[in-house]
Each structure stands twice: as C-alpha cells, then as structure tokens.
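Undergrad: Handing you this structure, nothing more for now.
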Amino acid sequence: MIQNPDKDVKILSPPVILAGREIYPVVHVHAWAGEQGGMILVKPCALLIKEGDSWFFVPVDEC
C-alpha cells in the first residue's frame, strides 16, 4: 500500500546563466513511499527567467 503521497512544485537552483539571463527550471514533484520502497517522479513544468530587474514565467507543460 502506498503511504504518505507527496506533491509539490519546486524551483531548482542555482540557475542556469544563458545570454545574460538567469533561468530557473520549475518542476512538479510527486513522491510515494510503500512497504518495499518508494518512487520519485519529477516533471518539467515551467521556466522562471530573470532578465535585469524583470521576471518572466514561461510554462512548458500543464502543471
């Protein structure tokens, strides 16, 4: 039986620096634990981009 299912959205850091922009991947994390072990599933969800003083949220999939 699966116990303690956990769902979360995480912003990964440190960022990737590309063409003077800071790019932070945003992922959707699912974690399950059972009697014989567990599983972690991470799916890309969006990019959070900082350019100068501006921030941009770019979805890459349904989150």
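Undergrad: When the residues of the stretch 26-54 are narrowed to those that are of a type in the set (A, V, I, L, M) and farther than 15 Å from Lys7 by Cβ, which ends up most open to solvent (accessible area, probe 1.4 Å)?
TA: Among residues in the stretch 26-54 that are of a type in the set (A, V, I, L, M) and farther than 15 Å from Lys7 by Cβ, the one most open to solvent (accessible area, probe 1.4 Å) is Leu47.
Undergrad: Would you point out which residue out of Ile2, Ile17, Ile23 is at pLDDT 90 or above, out of contact with any helix residue (DSSP H, G or I) (no Cβ under 8 Å at 6 or more places or on another chain) and open to solvent by 90 Å² or more (accessible area, probe 1.4 Å)? Don't jump to the end; show me each part of the working.
TA: Working: Ile2 fails: at pLDDT 90 or above; Ile23 fails: open to solvent by 90 Å² or more (accessible area, probe 1.4 Å).
One residue alone meets the criteria, Ile17.
The values are calculated or read from the model by the stated rules, or taken from the named source; none is laboratory data. Just so you know, these numbers come straight off a predicted model, no measurement behind them. Because the Cβ atoms are built from the backbone with ideal geometry, glycine has one as well, and the counts that use them run over all protein chains shown. For accessibility, only protein heavy atoms count, side chains too; no ligands or nucleic acids. Shrake-Rupley method; radii C 1.70, N 1.55, O 1.52, S 1.80 Å.
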